[in-house]
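**Student:** Would you mind keeping the following structure in view while I ask a few things?
The values are calculated or read from the model by the stated rules, or taken from the named source; none is laboratory data. As the structure is a computational prediction, the values presented were derived from the model and not from experiment. Neighbour counts are summed over all protein chains in view; Cβ atoms, including those assigned to glycine, are modelled from backbone coordinates with ideal geometry. Side chains are part of the model used for accessible areas, which takes the heavy atoms of the whole protein and leaves out ligands, DNA and RNA. Shrake-Rupley method; radii C 1.70, N 1.55, O 1.52, S 1.80 Å.
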Amino acid sequence: MTDRTGRLAAYWERQLDKMDERELRHSRRLAGWRTRRHRRALAAALALADLGLIAGASFFTKGSDWLFDSFWLSSVLLGGGVFVLLRILTGRMSGGFSRLLDEREREWRHRVTYLGFQILSYLMIAAMMYCLLVARTEDGGVRGAMMLSALLVTGTTIPSIMLGWSLPDDDPEDFDEEMAND
């Protein structure tokens with residue numbers, strides 16, 4: 001049992017090292033965009049894309065509808081691209097475990113994760129109520145599933161939106177030190 005635990009711990013350490021390397025590599029990208037102004041613009045665009053997903057889900061009807069298609073597809077494309085950029089610019093603080101975060105960054109991550117979980121819980125209650133309202137309509141199950149997925153995506157983007165909106169500008173000296181260490 002001890003040998004198995006040791007191998008599992010070694011595997012976990014290797015995975016964490018890979019995550020750290022990937023995070024360091026991404027931290028050097030888009031250095032000129034690491035300002036509050038850019039992050040706020042991306043956070044607003046992501047919130048707009050989330051609203052587009054919700055609007056598209058509310059317009060969903062049986063068959064292909066141009067209104068649903070235009071809202072849903074444009075929101076998925078815009079939201080997906082902006083979400084990736086925002087995750088790079090926030091240093092993936094809203095994501096999983098990272099040994100590279102300092103105490104202040106950990107506190108930010110814990111705060112936005114907690115608030116994001118609360119908001120997601122309320123969005124799931126709203127989705128449940130929507131599903132109950134449309135249950136007896138034509139294609140009620142599919143309409144409910146579309147709204148559930150839109151609200152779930154919206155809830156999962158909340159921590160990134162909050163970090164993108166509220167984080168201060170990055171210190172340019174941090175990038176100079178990283179480049180000097182390489």
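**Student:** Which residues, taken from region 18-34, are more than 13 Å from Thr90 (Cα to Cα), modelled with pLDDT under 75, more than 18 Å from the chain's Cα centre (by Cα) and open to solvent by 70 Å² or more (accessible area, probe 1.4 Å)?
**Tutor:** Correct list: Glu21, Arg25.
**Student:** Is region 131-148 home to any residue that is farther than 30 Å from Trp12 by Cβ, of a type in the set (Asp, Glu) and touching a helix residue (DSSP H, G or I) at 6+ places or on another chain (Cβ under 9 Å)?
**Tutor:** no
**Student:** On to the next question. Taking Ser94 as the residue in question, decide whether it is at pLDDT below 85, farther than 19 Å from Gly144 by Cα, among the small types (Gly, Ala, Ser) and not in a helix (DSSP H, G or I).
**Tutor:** In short, yes.
**Student:** Now a separate question. What residue, among those in region 35-61 that are assigned to a loop (DSSP other than H, G, I, E, B) and not polar (S, T, N, Q), is least open to solvent (accessible area, probe 1.4 Å)?
**Tutor:** Checked region 35-61; the qualifying residue least open to solvent (accessible area, probe 1.4 Å) is Phe60.
**Student:** Follow-up question, since we're still on this one. Tell me which of these Phe68 doesn't satisfy, since it passes every other one: (1) within 13 Å of the chain's Cα centre (by Cα); (2) in contact (Cβ under 8 Å) with a residue 12 or more places away in the chain.
**Tutor:** (1)
**Student:** Based on this model, can you work out whether Leu163 counts as of a type in the set (A, V, I, L, M), part of a loop (DSSP other than H, G, I, E, B) and modelled with pLDDT under 95?
**Tutor:** no
**Student:** Taking only region 122-159 into account, find how many residues are free of Cβ contacts under 8 Å to residues at least 24 places away in the same chain and among the hydroxyl-bearing types (Ser, Thr, Tyr).
**Tutor:** 3
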